[in-house]
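In what follows, a single structure is set out as structure tokens and then discussed.
The values are calculated or read from the model by the stated rules, or taken from the named source; none is laboratory data. Just so we're clear, the structure is a prediction, and the values are computed from it rather than from any experiment. Using ideal geometry, Cβ is built from the backbone for each residue, glycine included, and neighbour counts are taken over all protein chains shown. Heavy atoms of the whole protein, side chains included, go into the accessibility calculation; ligands, DNA and RNA do not. Shrake-Rupley method; radii C 1.70, N 1.55, O 1.52, S 1.80 Å.
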Amino acid sequence: MSEMIDAVVKELANLGWHGLQAVNTRVPEAPSPAPDWAPGPLLKSHERTRPPLGWPRETDSLCPRCVVETRNAILRGERDLADLLDGRLGEIKARIAEEDGRILIRKTCPEHGAFDDLLSIDPEFSRVIESRYPGRDFRTLGDELIHRHGTSTIKYGRGAVLTIDLTNRCNMMCNPCFMDANQVGYVHELTLDEIKQILDDSISFKPRRQMSVQFSGGEPTMSPHFLEACRYAKKVGYYAVQAATNGLRFALEPEFAYAAKEAGFDLAYFQFDGVSNDANKHRHISNLFDVKLKSIDVLHDAGIDIVPVTTLVNGVNETHVCPLLDFVLANSDQMGGIRFQPVSFTGRDEDISDEDRRRRRYTISHMAHEMQRYYGGKIDPYRDWYPLGAMGGFTVLADHLRALNGPDQPSFGGLCCSCHPNCGSSVLLVANRKTKVWSPITQFFDMERFMKDIALICDTGRGKKLTLAQVALSFLRNFDGRKAPSGMTLLEFLKLFNGKMCGSLMKKEQEQDWTVLWVGGMWFQDLWTYDFRRTEMCVIPYATQEGEISFCAYNTGVGWRQIVENMHMVARTKDWFETRGRHKIYAGDRPMEVPGVRKLPVVSDAPQPVPGAHVTACG
């Protein structure tokens, strides 16, 4: 009977939607609201620009050899930084095309010859992802002092995660590592005044954007200013503060987790490589998984959200993808999803051989097909995966509704991930914390049609009441209760959706049994896969003493990290140790002594890593 009722409601909502749109689409569009935080009126869907997509296509890229030579010459003082800003040194054209059922990038340097690399093992998957991209966000305005990095300059979007490296010191020795922590021969560590200035600068231009401020490193909890940095991020108006952390300090000092929560720390972006000690042994701490479990318990007890993050390397840990997701599903009361990062050969891995690079390369398309295989088609590569930028559709609706609140509208725009569709993709799951039942949202909710409905609703702009009425009809017509997991009702799903939109539709309620898990792949570029069209749309900027720099331009690309850190180093490592003392580094394949850690056996539940191969999620 309930299925029959669901079918009738769905059909009536569909009729109501089409009847309303028969009138709505014949009336001229209303002007978009122009909130104070934005550089202009909110963008309609047809006003959004798009980068060149599809293939074959040409783009601007880098020569992996020229870039390193230029960067090293600048660091040695043999070339001026202006050569990098204005001279386009190392830049070459690249061609992205389908060859033998794969998507490849090829480029040729007049001096160093030809380079190629793999972007996707499934052209159809890549086509679907690109087709679901809704378009770029605003062009930035008034940011000339913040975004000033030549052809690496960020031009579009408000960003989603503002990354601030508090220190390059770390209490582990991971390989590879974006930062090359503990091994560069100097210490780069921000003062509290520098942290405050960077955060002040981040809200000095339009769009003034709500972002998740991520303190990183090295290991950010080693900074003496970690707690005060969390407090100040909240003070300037950011609602979410996270840290890319290995979690060791929280396991060693549980009281530090409570102090961090009190200071405004919300989420641990938690380095997590596997579900056994054996799966983590490449980190050179023999009981690391036990320590990680201790950290998870401590962080959860303190009220801090946890999102595991894992770097994936082909031939090393690609078989751990789905066991890791199983672990998150089994512990959905403590975790909000999982982020996978296909390997980017940078930092300590920048001099990798061509043979090793090709052997270890892993893409998001690999991950999508591995999940399909492991879960017997329950997660479908073509139905369930969306570009990260597609989630910006929810922000468009939230911004539109908030802008209709008059003087009560917020002074920040919503968090908006509008990055290039080749930067990453994700699957949204619903999971029941008690019964452990789960499914992709797109199994029972027509996300693609809903996104188109949102665009139409916001483009026509019919006032708050009529907007909410249209949203309700769209929800009803796109929800199919017959395909939903047991216990997932329309009302429960609406509560979850409203919660993720920070209560834009109705009063926000605390999640109970059901939660939404974001399962994503973020594929950062390296010198072989570099595409400037992605760099200029970056939504994970690094905020530094030299402005905000694209994640990939900072860590890979021209290598702004080495330049900025050398410009602002505070001491040579040797001098730091002599004046400040050595910090503890856990390594050497020895166990960590942590009070209250559960002792679990080392189990060989996955193929052993290839000799000399290592994995990291640091960064």
Margin query: Can you compute 3J(HN,Hα) from phi for each residue in the range 92-98, using the Karplus curve 6.51 cos²θ - 1.76 cosθ + 1.60 with θ = phi - 60°, rounded to whole Hz and x for Gly and Pro?
Written below: 9, 7, 9, 10, 9, 8, 8
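Remind me, relative contact order of the range 89-215 in percent, using alpha carbon pairs under 8 angstrom and six or more residues apart?
Values: 139 pairs, mean separation 26.8, N = 127.
Once normalised by length, the contact order is 21 percent.
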Check: Which whole-number percentage describes the relative contact order of the range 339-490, with Cα contacts under 8 Å and a sequence gap of 6 or more?
Finding: 19 percent
Next item on the list: On the full set of protein chains, 1.4 Å probe, figure out the accessible area of residue 17 and give it in Å² to the nearest 10.
Entry: 10 Å²
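Less than 15 Å Cβ to Cβ from residue 18, Lys/Arg counted +1 and Asp/Glu -1: what total charge do the surrounding residues give? Mind dumping the intermediate values first?
Details: positive: 10, 26, 449, 452, 477; negative: 11, 446, 453.
Counting the neighbours of residue 18, the net charge comes to +2.
Could you compute the FRET efficiency for residue 469 and residue 374, with r as their C-beta to C-beta distance and R0 at 45 Å, rounded to 0.05?
Numbers: r = 42 Å, r/R0 = 0.93.
Rounded to the nearest 0.05, the efficiency is 0.60.
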Notebook entry, point to check: So how tilted is helix 288-301 from the main axis of the chain? Cα-based, degrees 0 to 90, rounded to 10.
Noted result: 50 degrees
Margin query: Take residue 405 and residue 261, extend 7 Å from each Cα along the Cα→Cβ direction, and tell me the distance between the two endpoints in nm.
Written below: 2.7 nm
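Which net charge results when you count Lys and Arg as +1 and Asp and Glu as -1 among the other residues whose beta-carbon is under 14 Å from that of residue 393?
Result for the neighbourhood of residue 393: +1.
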Next item on the list: Give the share of C-alpha pairs in each 5 angstrom bin for the range 478-552, from 0 to the last occupied bin, in whole percents, shortest bins first.
Entry: 3, 12, 15, 13, 11, 9, 11, 14, 9, 3, 1
Checklist line | Environment charge at residue 48 (Cβ cut-off 9 Å; Lys +1, Arg +1, Asp -1, Glu -1) | finding: +1
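Counting only heavy atoms of protein chains, what accessible area per residue, in Å², does the range 1-79 have with a probe of 1.4 Å? Kindly include the intermediate steps, with their values, before the conclusion.
On the way: 4590 Å² over 79 residues.
Roughly 58 Å² per residue, with all protein chains present.
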Notebook entry, point to check: To the nearest 10 degrees, how steep is helix 364-374 against the longest Cα principal axis of the chain, on a 0 to 90 scale?
Noted result: 70 degrees
Next item on the list: Would you mind calculating the relative contact order of the chain from Cα pairs under 8 angstrom and at least 6 residues apart, reporting the percent as a whole number?
Entry: 24 percent
Next item on the list: Heads up, I need the accessible area for residue 128: 1.4 angstrom probe, whole protein in place, Å², nearest 10.
Entry: 10 Å²
Check: Excluding ligands, DNA and RNA, what is the solvent-accessible area per residue of the range 503-598 at a probe of 1.4 Å, expressed in Å²?
Finding: 42 Å²
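By its C-alpha gyration tensor, with a ≥ b ≥ c as the square roots of the eigenvalues, how is the range 217-349 shaped: rounded for a/c under 1.5, else prolate for a/b larger than b/c, else oblate? Intermediate values should be presented prior to the final figure.
Working: a/c = 1.75, a/b = 1.56, b/c = 1.12.
Verdict is prolate for the range 217-349.
When the accessible area of the chain is split by element with a 1.4 Å probe, what percent falls to carbon and sulfur? Can you show the working numbers first?
Details: 12640 of 24020 Å².
On the chain, the fraction of accessible area on carbon and sulfur atoms equals 53 percent.
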Notebook entry, point to check: How large is the accessible surface per residue of the range 316-412, computed with a 1.4 Å probe and reported in Å² as a whole number?
Noted result: 33 Å²
Note to self: Between the range 136-150 and the range 1-68, how far is it from one alpha carbon centroid to the other, in angstrom?
What the structure shows: 23 Å
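Only helical DSSP H runs with n ≥ 4 go in: add -39500 (n - 2.57) per run for the chain, normalise by residue count and round the 222 nm mean residue ellipticity to 500 deg cm²/dmol. Don't skip to the end; give the middle numbers.
On the way: 20 runs with 205 residues, N = 619.
When only DSSP H runs of four or more count, the value is -10000 deg cm²/dmol.
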Notebook entry, point to check: Using alpha carbons only, how many degrees (0 to 90, rounded to 10) separate the axis of helix 392-403 from the longest principal axis of the chain?
Noted result: 60 degrees
Notebook entry, point to check: Straight-line reach from residue 452: which lysines have a Cα under 23 Å away, not including same-chain ones fewer than 8 places off?
Noted result: 10, 44, 464, 465, 483, 495, 500
Notebook entry, point to check: Expressed as a whole number of Å, what is the distance separating the alpha-carbon centroids of the range 75-109 and the range 353-415?
Noted result: 27 Å
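Express the Stokes-Einstein translational diffusion coefficient of the chain in µm² s⁻¹, to the nearest whole number, given a Kirkwood radius over alpha-carbon pairs, 25 °C and a viscosity of 0.890 mPa s. Numbers along the way, then the final one.
On the way: Rh = 25.2 Å.
Rounded to a whole number, D works out at 97 µm²/s.
How much FRET efficiency would the formula 1/(1 + (r/R0)^6) give for residue 139 and residue 590, where r is the Cβ-Cβ distance and R0 is 60 Å, rounded to 0.05?
0.70
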